[in-house]
Amino acid sequence: MDYIEQKKLESKQMNMSVGYILWFFLGQFGAHRFYCKKNHGVTMLVLEIVAWILICTVIGMIIGIPIIFAVMIWWLIDAFKVQKWINEFNLSVVEEYSRNNESNSKLQSNNHLDILEKLSKLKNSGAISEEEFIKEKSKVLENA
């Protein structure tokens with residue numbers, strides 16, 4: 001796998017830090033579930049909003065506080081699941097890449113000019129720095 005393909009693969013994968021930051025700060029609203037592409041993110045969001053609205057009324061406190069505690073327990077359980085979800089998603093991205101790479105390997109050319117053009121596009125889009133571009137360019141030219 002060359003540098004460009006590795007960068008493309010990394011850009012499709014989820015970041016563990018982002019998942020846990022979303023879980024910690026916005027988890028009771030289901031943000032981590034949206035990020036991990038899991039079900040029931042909307043359910044968490046709706047329950048949390050309804051519970052806070054109910055807490056604003058005296059009678060609703062009887063219903064609202066238990067709902068918030070239930071969502072908190074759900075949120076804590078999800079802390080142990082986020083890592084698994086992200087690892088599974090990232091593995092599926094790698095497997096999909098492998099399948100596509102095997103089927104497209106006959107169609108792809110190893111033309112050094114194409115690789116340099118792709119590197120230039122990545123540099124121009126800001127995906128890689130000037131230093132990374134120069135380093136990878138020299139590798140391509142050495143192999144030419």
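A few comments on the model shown:
- Gained length - residue 83 relative to residue 134, 0.36 nm times residue gap less alpha-carbon distance: 14.8 nm
- Taking Lys and Arg as +1 and Asp and Glu as -1, the other residues whose beta-carbon sits under 15 Å from that of residue 119 total -1.
- Each residue of region 126-141 was assigned a 3J(HN,Hα) from its phi angle through the Karplus expression (A = 6.51, B = -1.76, C = 1.60, θ = phi - 60°), giving x, 6, 10, 7, 4, 5, 5, 4, 4, 4, 5, 5, 5, 5, 5, 5 Hz with x at Gly and Pro.
- Model label points for residue 111 and residue 72, set 7 angstrom from Cα along the Cα-to-Cβ axis, are 6.3 nm apart.
- Among the chymotrypsin sites (Phe, Trp or Tyr not before Pro) in region 36-81, those placed in a DSSP loop whose Cβ has at most 10 other Cβ atoms within 10 Å are 80.
- Total lysine pairs in region 14-108 at Cα distances under 14 Å, for residues eight or more apart or on different chains: 4.
- Once the Cα-Cα distance is subtracted from the 0.36 nm per residue extended length, the residue 121 to residue 52 segment shows a gain of 20.0 nm.
- Here the spin labels are modelled as points 7 Å beyond Cα on the Cα-Cβ line, and at residue 2 and residue 38 they lie 3.9 nm apart.
- For q = 0.10, 0.20 Å⁻¹, Debye-computed log10 I/I(0) when each Cα of region 1-98 counts as one equal scatterer: -0.36, -0.92
Since every read-out is calculated from the coordinates, none of them should be taken as a lab result. Since the structure is predicted, the reported quantities are computational estimates derived from the model, not experimental observations. Glycine also receives a Cβ, built like all others from the backbone with ideal geometry; neighbour counts cover every protein chain displayed.
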